[in-house]
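Accompanying notes for the structure given below.
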Amino acid sequence: MSSDFEGYEQDFAVLTAEITSKISRVPRLPPDEKKQMVANVEKQLEEAKELLEQMDLEVREIPPQSRGMYSNRMRSYKQEMGKLETDFKRSRIAYSDEVRNELLGDDGNSSENQLIKLREERAHLLDNTERLERSSRRLEAGYQIAVETEQIGQEMLENLSHDREKIQRARERLRETDANLGKSSRVLTGMLRRLM
């Protein structure tokens with residue numbers, strides 16, 4: 001199992017390195033190449049998400065006592081994935097040819113108001129992205145709590161099962177003791193009758 005996880009880890013590392021390299025080149029590309037590069041990065045981001053899902057499934061198969069280390073690694077990979085997505089969104093906004101053309105128009109003229117509006121929209125978009133990331137982290141924390149609660153519940157059920165077995169054994173011993181006391185009582189009664 002851990003070999004599968006490590007294989008996915010290696011694939012994820014290679015893929016994220018490629019994505020990082022491409023993201024840094026996006027703003028400087030001419031429009032046609034930029035469009036192709038953006039589509040390529042989007043596809044690779046999807047592949048990275050699928051790898052994370054596979055890794056997550058592998059971690060869930062690990063026994064609870066050994067799961068902690070892998071869970072920490074998964075948290076780190078998910079944070080890295082979130083950072084990649086944020087960087088990608090920013091690279092598309094920054095120096096965007098489409099936005100620049102809308103702003104400047106074909107003749108290259110622009111007004112101060114349009115520049116201010118663009119900056120506000122960009123700031124608003126980045127703000128929303130950060131909010132989404134915070135929500136995602138909260139959801140992840142909630143999921144972790146749910147998993148831990150489930151583990152605690154399983155342990156409690158196992159403990160209750162052991163206690164039940166102990167109680168049943170104690171009942172059996174009580175029945176045997178009761179039966180032995182009954183036999184002893186009959187023997188003593190017989191002996192008293194003979195003496196009398």
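The values are calculated or read from the model by the stated rules, or taken from the named source; none is laboratory data. Keep in mind the model is a prediction, meaning the values are calculated, not measured. For neighbour counting, all protein chains shown are included, and Cβ atoms are generated from backbone atoms with ideal geometry for every residue, glycine included. Heavy atoms of the whole protein, side chains included, go into the accessibility calculation; ligands, DNA and RNA do not. Shrake-Rupley method; radii C 1.70, N 1.55, O 1.52, S 1.80 Å.
Pairs of Cα atoms under 8 Å, at least six residues apart: use those to get the relative contact order of the chain, whole percent. Before the final figure, lay out the partial values.
Numbers: 68 pairs, mean separation 38.2, N = 196.
Relative contact order comes out at 20 percent.
Of all the accessible heavy-atom surface of the chain, with the other protein chains kept in place and a 1.4 Å probe, what percent is carbon and sulfur? Each step should come with its number before you reach the end.
Values: 7660 of 14590 Å².
Carbon and sulfur: 53 percent of the exposed surface of the chain.
To the nearest 20 debye, what is the magnitude of the charge dipole of the chain about its Cα centre, counting +1 on the Cβ of each Lys and Arg and -1 on the Cβ of each Asp and Glu? Write down the numbers at each step before the final one.
On the way: 34 positive and 39 negative charges, 389 e Å.
Here the size comes out at about 1860 debye.
Could you check which residue among 157, 126, 139 shows the biggest mean-square fluctuation in a GNM of the chain with a 10 Å Cα cutoff?
Of 157, 126, 139, the most mobile in the Gaussian network model is 157.
With unit charges on the beta carbons (Lys and Arg positive, Asp and Glu negative) and the dipole taken about the Cα centre of the chain, which residue among 5, 40, 184 sits farthest to the positive side?
Going by the charge dipole, the pick is 184.
Given [x] 40; [y] 53; [z] 22 as candidate values of percent of Cα pairs over 30 Å apart, which corresponds to the one derived from the coordinates?
Entry [y].
Just the number please: accessible area per residue for the chain, 1.4 Å probe, all protein chains included, in Å². Before the final figure, lay out the partial values.
Working: 14590 Å² over 196 residues.
I get 74 Å² per residue for the chain.
Can you compute the charge dipole magnitude of region 1-76 about its Cα centre, using +1 on each Lys and Arg Cβ and -1 on each Asp and Glu Cβ, nothing else charged? Give it in debye, rounded to the nearest 20. All intermediate terms of the calculation are to be shown ahead of the outcome.
Working: 11 positive and 15 negative charges, 95 e Å.
Using Cβ point charges on Lys, Arg, Asp and Glu, region 1-76 gives about 460 debye.
Could you derive backbone 3J(HN,Hα) for region 66-72 from the dihedral phi with the Karplus parameters 6.51, -1.76 and 1.60 (θ = phi - 60°), listing whole Hz in sequence and x where the residue is Gly or Pro?
Once θ is set to phi - 60°, the couplings for region 66-72 become 9, 7, x, 4, 5, 5, 5 Hz.
Of the candidates 178, 11, 163, which one comes out as most mobile in a Gaussian network treatment of the chain with C-alpha springs shorter than 10 Å?
Comparing 178, 11, 163 in the GNM, the peak value goes to 178.
Can you run phi through the Karplus equation (6.51, -1.76, 1.60; θ = phi - 60°) for region 39-44 and list ³J(HN,Hα) in whole Hz, with x for Gly and Pro?
Using θ = phi - 60°, the values come out as 4, 5, 5, 4, 5, 5 Hz.
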